[in-house]
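Just below is one structure, and these are the notes that go with it.
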Amino acid sequence: MPQTDRYKKRSVNIEFFAVEDFSNLPYPQRFTIILITSGTLKGIFNKFPITIVAPAVLCLTEYDVIQVNEKVSVAAQSFCYDSQFLNTITLSEAQGYFPTVPRIQTGISLFQRDSLFLSLPHVTEKAYPILLEWFFILGMEVQAQSDSKWVCRIKKYLIQILGLLEDLCLTSERSPVDLAIEYIQTNYSRKISLEDLTNCVHLNRVTLNKLFKERCGNTAIGYMLEYRLKVACDLLMHTGMKLNEIAHATGFEYDTYFIKQFKAKKGISPTKYRNISRKFSNAQ
């Protein structure tokens, strides 16, 4: 529920959860930043397997889909805010000079879905205590509303948190799995061998598959198959492409092999999936 500003008698579209149990995610009409302070969780994020080990941060939009399958000693807290929260600026003296309200760009990249890497910024040992302190202040300000400037302070600390997370994304060293995933997502429509992936990240196949299983619960080639089928599902639902065209577009050499793999992984044929998904979509 939005907070009620007791000083200015207005609704402020933010929430802070001191204990995030992951049961209600994602929150409607909100960007959500989750600080995971201890434990390990495994699940599916936007159809891809993930393993998150604390300390960690997960950034969610209302359109993300997350399913937590396993939690071990997990402790987390979350801050949610409306996408326009940082743009609610009074321009009494600037009225007429700016055509629209200035948009604060900090943090926008964390909620774009060009790469899974941006949703899970790497939290360094140096950054963790800073994030923990700023999250603590956010929670205290939401609960206490210590004076009429409490919303301004929340915006200040939120901008600091978002800026730090973006810096971590830009400066952190990409893991071999991150690089291999990026290669797969960029080149999935072409023929990709395990040798292509090992050459991309400069690791042997045993080490690469070990890292993939730890991170995604699957081998590198298994992950690539899941990604291709995810794209195929989207094409089946949203386009009129023929099966052989979808097979070619998603990196399957033959449509017969595509159909075989689809049925093995999804339990139904591509054609049946198309009919069911469109029927369900039209009913919404």
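The values are calculated or read from the model by the stated rules, or taken from the named source; none is laboratory data. The shown structure was predicted, so the numbers you read here are calculated from the model rather than taken from an experiment. Cβ coordinates were reconstructed from backbone atoms using ideal geometry, including for glycine residues, and neighbour counts include every protein chain displayed. All accessible areas refer to the heavy atoms of the entire protein, side chains included, with ligands and DNA or RNA removed. Shrake-Rupley method; radii C 1.70, N 1.55, O 1.52, S 1.80 Å.
Can you work out which of the residues in segment 199-233 that are farther than 27 Å from LEU41 by Cα and of a type outside the set (A, V, I, L, M) is modelled with the highest pLDDT?
ASN204
Looking only at segment 1-19, which residues are free of Cβ contacts under 8 Å to residues at least 12 places away in the same chain and in a strand (DSSP E or B)?
THR4, ARG10, SER11
Quick one: is ASN218 in contact with a helix residue (DSSP H, G or I) (Cβ under 7 Å, 6 or more places away or on another chain), of a type in the set (S, T, N, Q) and surrounded by fewer than 15 Cβ atoms within 10 Å (Cβ to Cβ)?
Answer is no for this residue.
Just to be sure, is LEU236 touching a Pro at 6+ places or on another chain (Cβ under 7 Å) and either farther than 14 Å from TYR188 by Cα or among the hydrophobic types (A, V, I, L, M, F, W, C) (or both)?
Taking the combined requirement at face value, the residue satisfies it.
Between GLN77, GLN29, which is over 30 Å from THR219 (Cβ atoms), open to solvent by 40 Å² or more (accessible area, probe 1.4 Å) and either assigned to a strand (DSSP E or B) or of a type outside the set (A, V, I, L, M) (or both)?
It is GLN29.
Select from segment 54-74 the residues that are open to solvent by 70 Å² or more (accessible area, probe 1.4 Å) and polar (S, T, N, Q) and write down the one among them that is farthest from TYR157 (Cα to Cα).
Checking each candidate, the answer is ASN69.
Table: residues versus (1) under 22 Å from GLU166 (Cα atoms); (2) assigned to a loop (DSSP other than H, G, I, E, B); (3) of a type in the set (Ser, Thr, Tyr); (4) at pLDDT 95 or above.
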residue	(1), (2), (3), (4)
ASP21	no, yes, no, no
GLY43	no, no, no, no
ASP64	yes, yes, no, no
GLN67	no, no, no, no
VAL72	no, no, no, no
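So, in segment 38-53, how many residues would count as being under 21 Å from TYR128 (Cα atoms), buried (at least 17 other Cβ atoms within 10 Å of the Cβ) and touching a helix residue (DSSP H, G or I) at 6+ places or on another chain (Cβ under 9 Å)?
The number of residues fulfilling the criteria is 1.
Taking the conditions exactly as written (open to solvent by 40 Å² or more (accessible area, probe 1.4 Å), at pLDDT below 90, over 30 Å from ILE221 (Cβ atoms) and out of contact with any His (no Cβ under 9 Å at 6 or more places or on another chain)), does GLN112 satisfy them or not?
Considered against the rule, which asks whether it is open to solvent by 40 Å² or more (accessible area, probe 1.4 Å), at pLDDT below 90, over 30 Å from ILE221 (Cβ atoms) and out of contact with any His (no Cβ under 9 Å at 6 or more places or on another chain), GLN112 comes out as no.
Out of everything in segment 231-268 that is part of a loop (DSSP other than H, G, I, E, B) and more than 29 Å from the chain's Cα centre (by Cα), what residue ends up being farthest from ILE192 (Cα to Cα)?
Taking the candidates together, the pick is LYS242.
Can you report the number of residues in segment 15-54 which are over 20 Å from THR124 (Cα atoms) and of a type in the set (Gly, Ala, Ser)?
3
Sort through LEU179, LEU168 and tell me the only one that's touching a residue at least 12 places away in the same chain (Cβ under 8 Å), among the hydrophobic types (A, V, I, L, M, F, W, C) and touching a His at 6+ places or on another chain (Cβ under 7 Å).
Answer to the check: LEU168.
Take segment 140-159 and flag every residue that is exposed (fewer than 15 other Cβ atoms within 10 Å of the Cβ), touching a residue at least 12 places away in the same chain (Cβ under 8 Å) and not in a loop (DSSP other than H, G, I, E, B).
Correct list: GLN143, ILE159.
Since ILE192 meets every condition but one in (1) within 25 Å of CYS59 (Cβ to Cβ); (2) assigned to a loop (DSSP other than H, G, I, E, B); (3) open to solvent by less than 50 Å² (accessible area, probe 1.4 Å), which condition does it not meet?
(1)
Scan segment 57-87 for residues that are in contact with an Asp or Glu (Cβ under 6 Å, 6 or more places away or on another chain) and not aliphatic (A, V, I, L, M) and report the count.
Residues meeting the conditions: 3.
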